[in-house]
Amino acid sequence: MGKTRNAKSLGRTGLAALAIGLICSGALPSGVAMAETPLWQLGIPTFSGKKPEEQAQAGPSFHFPPPTSEIAQLPAGATGPLKQPGSIEQPGPTERSIADVQPAAYQINSGTVLSGATAAVVSPGLPMPPLPAAAQLDLPVAPAGTALPVPPAADPSTPIGQALATGAAVESAPLAEETASWYEIPWRWVTRGWKNHAELGLDGSSGNSRTLALQTGLEMKRKTERYTLGIDFDYRKATNRGLTTEDNGRLNLDYDRLFQDSKWSAFGKFGAEWDQFKAFDSRLNLNSGLGYHFIRTDDAMFATRFGAGASKEIGAPDDDWKPEAVFGAEGEYQLNRYNKMKAKVDYFPAWEDFSDYRVVSDVAWEILLDDTDNLSLKLALTDRYDSTPQGAKPNDVYYSLLLLVKF
C-alpha cells in the first residue's frame, strides 16, 4: 500500500516536470499553459486614476484643436494604429492606441501622412482639411512701390446719387434717398427753412363812445447762405359808433441776394399799400439795387441799400408811373434770449423832384413770454409820410401792442 502511494507521487512529479519542460521549449500550446499569477498578487499596483463612476461624472476632457504634442505623425507609407512620437513600445495591455490619446470626435484621418506635415483633424461629418498656403492662392498682388488709388472725397452739398456715379467716396449712403413729387415741392419750400409768426392786436371801448380797433399781420422770413427772403403783411381797421374811421393795409416783399463772403448784396423790393382815407385806392412800387452789410452775424445785422425804381398810384388824379430812387437802412439786434430790437426805414424821392418823396419807418421791440419760443409780445411804431398828400394829412403814425405766435 505504501509502495503504491510513493509510485503515484513520483508519477505526478514526473508529469509536472515534463509539462514545465515542454512549456519552456515551446512545444506545448499557449492555451494549455498554466494560468498566470495576477499582478496584484505579486505586489505590482495596476490602478492609477479616478474610479469609473468619477470619470463618468467629470465627463471627457479635451480641447480643439488638440495640442501639437497630441497630433501623431506617420512616415510616408506607414499604416496601422498611430503612436506618440518617441514613445517606447510595450507589450500587452500597456500599449496605447490613438483612441487613448485623442477623443473619438477628433480622430486623425487614417492613411498616408506626408513626412513633416501636420495631420488633418476632423470632427464627425465636418471635414477640415489644412488651409492652403498664401502662395498657393491666386490673389492679385500690386507691384512693389505701387500706390493704391484713393477715390476723391465728395462735396457735402453734392447729391449722393451723383457722387456715387462719379466714383467719389461718401461717408454713408442711406437705404433710400428721399424724393418729392412735383406737387410737393412748393409746400416743402414754404414749410422748411422759414421763421414765421402771426400777430394780433385788439382793443375797444363802450359807453359814451363805442370804439373797436383791430390790427393783424403776418411776417415770414427765410434765410439761407445765398439769399434772404422776407414777406410782411399788416392790416388795420377801427370803428367808432359803427362808423369806420380807419381801414388800411400794406404788403412788402424783400429779396436779398448775398455774394458769399462779400459784404455786398443785390436786392429787389415790391410794395403794395391801400387806404380807404387816402386820395388813391392803392399804391404800387418796384425797386432794385445794391446793399452793403456792415454787420451780419447770428445776433446782429445792419445793412444799407441804394437803388432805383418806380411807383404808381391807382385811382389818384395822377396815376402814371413815376421814376424814383430808394435809400434804405435796416437793423436787428438780439439783446438777450428774451429781448429783440428791430428797425427799418425807406426813403423814396422822385428823380425829377427830390421834394416829392415818401418815407416809411418801422420800429419794434419783441419780448419772449415763454420758454418754448412760440409766444412773444411786440411793441410796434409805424410812421408813413407822404410829401404830396393831395388834400389829406401827410403823416400817419400807428402804434400798437401785439401778441405774436410763432410757427
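Values quoted throughout were computed directly from the atomic coordinates according to the rules given, and no laboratory measurement underlies them. Fair warning: this is a prediction, and the values are worked out from it, not measured in the lab. Ideal geometry is used to build each Cβ from the backbone, glycine not excepted, and the neighbour counts take in all protein chains shown.
Laid out as a table, the results:
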read-out: Residue pairs, from the table LYS195/LYS393; LYS221/LYS322; LYS237/LYS406, whose Cα atoms sit over 25 Å apart; value: LYS195/LYS393; LYS221/LYS322
read-out: Residues THR244 and SER282, FRET efficiency given R0 of 22 Å [Cβ-Cβ distance, rounded to 0.05]; value: 0.80
read-out: HN-Hα J in Hz across the range 243-248 - Karplus 6.51, -1.76, 1.60, θ = phi - 60°, x for Gly and Pro; value: 9, 6, 10, 7, 7, 8
read-out: Packing rank of 266-272, 354-360, where each peptide gets the mean count of other beta carbons within 10 Å, highest leading; value: 266-272, 354-360
read-out: The range 234-257-the range 262-318 distance, computed between alpha-carbon centres (Å); value: 17
read-out: Sum of side-chain charges, ASP318 neighbourhood, beta-carbon under 15 Å (Lys, Arg +1; Asp, Glu -1); value: -4
read-out: Nitroxide proxy distance, nm - points 7 Å out along Cα→Cβ at VAL405 and LEU377; value: 1.9
